[in-house]
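Below: one structure, written as structure tokens.
The values are calculated or read from the model by the stated rules, or taken from the named source; none is laboratory data. Please read all numbers here as calculations on a predicted model, not as lab measurements. Because the Cβ atoms are built from the backbone with ideal geometry, glycine has one as well, and the counts that use them run over all protein chains shown. Protein only, heavy atoms only, side chains kept; ligands, DNA and RNA dropped before computing areas. Shrake-Rupley method; radii C 1.70, N 1.55, O 1.52, S 1.80 Å.
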Amino acid sequence: MSKDSSDDKTMAMDSARNSEIMPDAGKVHMDEGESWGTGIIKDFKRTVGTHWWTEMTNFNQKTIAVTLLMFISVMAPTLSFGAVYGKETDNRIGAIETILATTWVGVMYSLIGGMPLCIIGSTGPVLAFTKAVVRIAENIDVPFVTFQAWISCW
């Protein structure tokens, strides 16, 4: 008996044993397609009635500490960038708008994105982009806030 035929028999025996262990091993199964957003809705219905309520009512010392840490770690750069935004945009976007935008995006991202502790706030590249948009709006003589809104929609 040649070595090749014994290897073939061994491979055939191994694949027979594997198919007994996992009959559909290696086959790809695709679920039926769903319309957009149904997974988020199912996840929301599944979690709100179960562990979500327990987590939302879990008010203790650790919860207060983490909440204060998140508040301080988000508010300090938000106020700093808000002051710089105010200076660069002639107070059309300032600290108040930056706080409101950070709050809105943070709440929406935590509800939809599935990552409730993600720190969201202003960054240097966004500030540089906004500064460039202010200059472009001045050069083409259009209102900055309207121009920025259309850029945001695009």
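Tabulated values for the structure
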| item | result |
| --- | --- |
| Test: residue in the stretch 56-71 that is part of a loop (DSSP other than H, G, I, E, B), of a type outside the set (S, T, N, Q) and either without any contact (Cβ under 8 Å) to a residue 24 or more places away in the chain or open to solvent by 90 Å² or more (accessible area, probe 1.4 Å) (or both) | yes |
| Unmet criterion (only one of (1) loosely packed, with under 12 Cβ neighbours inside 10 Å; (2) among the charged types (D, E, K, R); (3) at pLDDT 85 or above; (4) in a helix (DSSP H, G or I)) for Glu97 | (1) |
| Contacts under 7 angstrom Cβ, first residue in the stretch 128-154 being closer than 17 Å to Gly94 by Cβ and outside any helix (DSSP H, G or I), partner open to solvent by less than 50 Å² (accessible area, probe 1.4 Å) and of a type in the set (Val, Ile, Thr), 6 or more apart | none |
| Odd one out for Val107 among (1) open to solvent by 60 Å² or more (accessible area, probe 1.4 Å); (2) farther than 30 Å from Gly39 by Cβ; (3) modelled with pLDDT under 90 | (2) |
| The stretch 43-55, residues that are of a type in the set (Val, Ile, Thr), farther than 14 Å from Ile112 by Cα and surrounded by 10 or more Cβ atoms within 10 Å (Cβ to Cβ) | Thr50 |
| Pairs where the first residue, in the stretch 101-124, is assigned to a loop (DSSP other than H, G, I, E, B) and the second is modelled with pLDDT under 75 and open to solvent by less than 50 Å² (accessible area, probe 1.4 Å), C-beta under 8 Å, 6+ apart | Pro116/Ser110; Leu117/Ser110; Cys118/Ser110 |
| Yes/no for Glu97 being in contact with a Gly (Cβ under 8 Å, 6 or more places away or on another chain) and among the charged types (D, E, K, R) | yes |
| Failed criterion for Arg135 (all others in (1) among the charged types (D, E, K, R); (2) open to solvent by 90 Å² or more (accessible area, probe 1.4 Å); (3) modelled with pLDDT under 90 hold) | (3) |
| The stretch 72-90, subset of a type in the set (Val, Ile, Thr) and in a helix (DSSP H, G or I), residue most open to solvent (accessible area, probe 1.4 Å) | Ile72 |
